[in-house]
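This report concerns only the one structure given below.
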Amino acid sequence: MKAIEIQTDNEEILGAFKNLAKAFKVDFHEKDVAESVLNPSPSKDPYFEKPKNLAEIEAGMIDVKEGRVVKLDRKERKKLLHS
């Protein structure tokens, strides 16, 4: 099964696609793009819909940019985690 996504705010175009879907007896679903813009995940993982999670990611990115992150190689991580 395949899906096609069409983005428009033109009601005439939406109506034409609805009629086309009816003519071919295929499912037609509408959703507001504003909903999906809030979720940056291509798979729409619900984790990314929670503002707290996004804030933590953003804070982590700021920490990296400002040098507050220590990067460990595999050997160093293993030593820390297994000691």
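Within this structure, Ser83 fails the test of being open to solvent by less than 100 Å² (accessible area, probe 1.4 Å) and assigned to a loop (DSSP other than H, G, I, E, B). Return the residues of the range 49-79 that are in a helix (DSSP H, G or I), among the hydrophobic types (A, V, I, L, M, F, W, C) and at pLDDT 90 or above; say none if nothing qualifies. Within the range 49-79, Ala55, Ile57, Ala59, Met61, Ile62, Val64 meet the criteria.
Let's see how each residue does on (1) touching a His at 6+ places or on another chain (Cβ under 8 Å); (2) open to solvent by 80 Å² or more (accessible area, probe 1.4 Å); (3) not acidic (Asp, Glu):
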site	(1), (2), (3)
Asp9	no, yes, no
Glu12	no, yes, no
Asn19	no, yes, yes
Phe24	no, yes, yes
Pro42	no, yes, yes
Asp45	no, no, no
Glu56	no, yes, no
Glu66	no, yes, no
Val70	no, yes, yes
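Taking first residues from the range 70-83 that are closer than 19 Å to Gly60 by Cβ and partners that are assigned to a loop (DSSP other than H, G, I, E, B), the Cβ contacts under 8 Å between residues at least 6 apart in sequence or on separate chains come to Leu80/Leu72. Among the residues making up the range 53-78, those that are within 20 Å of Ser41 (Cα to Cα), out of contact with any Phe, Trp or Tyr (no Cβ under 6 Å at 6 or more places or on another chain) and not hydrophobic (A, V, I, L, M, F, W, C) are Glu56, Glu58, Gly60. Contact map, the range 4-31: first residue under 21 Å from Lys44 (Cβ atoms) and in a loop (DSSP other than H, G, I, E, B), second residue open to solvent by 100 Å² or more (accessible area, probe 1.4 Å) and charged (D, E, K, R), Cβ cut-off under 8 Å, separation 6 or more or different chains; pairs are Phe28/Lys22.
The values are calculated or read from the model by the stated rules, or taken from the named source; none is laboratory data. Since the structure is predicted, the reported quantities are computational estimates derived from the model, not experimental observations. Cβ sites come from the backbone with ideal geometry, for glycine too, and all protein chains shown count toward neighbours. Ligands, DNA and RNA are excluded from the accessible area calculation, which covers all protein heavy atoms including side chains. Shrake-Rupley method; radii C 1.70, N 1.55, O 1.52, S 1.80 Å.
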